[in-house]
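Here is the structure we will look at.
The values are calculated or read from the model by the stated rules, or taken from the named source; none is laboratory data. Everything quoted here is computed from the prediction, not taken from an experiment. Neighbour counts run over all protein chains shown; Cβ positions are idealised from the backbone, glycine included. Surface accessibility is based on the protein's heavy atoms, side chains included, excluding ligands, DNA and RNA. Shrake-Rupley method; radii C 1.70, N 1.55, O 1.52, S 1.80 Å.
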Amino acid sequence: PFRGNPLAVVENADALTPQQMQAIAREFNLSETIFLLEPRNPVHSARARIFTPQRELAFAGHPTVGATALIAQTRGRDILMRSGLAVTIEADVGVLRCEARRAGDGLVYAQVALPTPPSSPRVAPSAAALAAALSLPEAEIGFGAHRPSVFDAGATFVFAPVKSRAALESAKPDPALFSLALRDAIGVYLYTLETLEPTSAIHARMLAHGLGFDEDPATGSAAAAFAGVALAFERPEEGEHEIRIEQGDAMGRPSRITLFMSVENNALADVAIGGLVCPYGEGVLRL
């Protein structure tokens, strides 16, 4: 409780209009609120709609992970206590195949597989433009083979490799330049190899663009899209890879996301993200 990225899951949302969903998300004022509806295909567990305080998203990883854990706990608790449970959620990006398993101490581990690998929809802003948009020296942008990039895994992000954690933590959007650099992207994902924990591969921040909040403690869709970054700049060998990501520490909301990716013929074959979920409250909305 009170760590990670807080999430509201609204069940039985079929009677709500999109306007009501947006109003509820604005009222909760969390990074995202996910609404669960009856699936269009009854073989699936639920249909989901995801809203930030300002707009609807086609996909977001952190809400889907949280919803998977809730569905597993409320609909298959006995199975969850004995073994893992499969959950399928209909989203605008396709059917999301998810898994949940009990992790002890009231926690649930949930994992979401992407229906398609990340893509790179356009050219990234230059290092100079991105540095100016983030109020950083241009020399801090880029390390090794890593350069600014744009990847999409249901939502588009600009990825900014930053040499040091100190620079990453000092980054601040310039109001006049941030929107120009990001264009249609919903955020910039800053990452560095200077991590807090030795088991982590990168330390990250996500500065949001047009979502109704400034920064996100954990961003599953960006973590999933990072598979494209890893493939492009690290050139991993064939097979399965696991990348542990730190995020949210400077906000006082430390979050840990695990990215799973498999490479076949120098291309991404499968991508999934996972993390621990801690259910700690419930209530009723009266509209």
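Open to solvent by 10 Å² or more (accessible area, probe 1.4 Å) and farther than 17 Å from P148 by Cα, is that true of F233?
Working: open to solvent by 10 Å² or more (accessible area, probe 1.4 Å): yes; farther than 17 Å from P148 by Cα: no.
So F233 fails the test.
Go through region 41-57 and count every residue that is touching an Asp or Glu at 6+ places or on another chain (Cβ under 6 Å) and open to solvent by 40 Å² or more (accessible area, probe 1.4 Å).
1
Does region 129-155 hold any residues that are outside any helix (DSSP H, G or I), surrounded by 19 or more Cβ atoms within 10 Å (Cβ to Cβ) and touching a residue at least 40 places away in the same chain (Cβ under 8 Å), and which are they?
L134, H146, S149, F151, D152, A153, G154, A155
Which one of the conditions (1) of a type in the set (D, E); (2) open to solvent by 40 Å² or more (accessible area, probe 1.4 Å); (3) closer than 23 Å to E215 by Cα does E11 fail to meet, given that it meets all the rest?
Condition (3) is where E11 drops out.
What is the number of the single condition among (1) among the hydrophobic types (A, V, I, L, M, F, W, C); (2) assigned to a strand (DSSP E or B); (3) open to solvent by 60 Å² or more (accessible area, probe 1.4 Å) that L287 does not meet?
(2)
Please note which strands (runs of 3 or more DSSP E) are completely contained in region 24-100 and include at least 1 residues that are under 14 Å from the mean Cα position of the chain (by Cα).
33-37, 46-51
List, please: which pairs have Cβ atoms under 6 Å, are six or more places apart or on different chains, and start with a residue in region 26-37 that is under 9 Å from A8 (Cβ atoms) and open to solvent by 20 Å² or more (accessible area, probe 1.4 Å) and end with one that is of a type outside the set (A, V, I, L, M) and in a loop (DSSP other than H, G, I, E, B)?
Pairs found: L30/P6.
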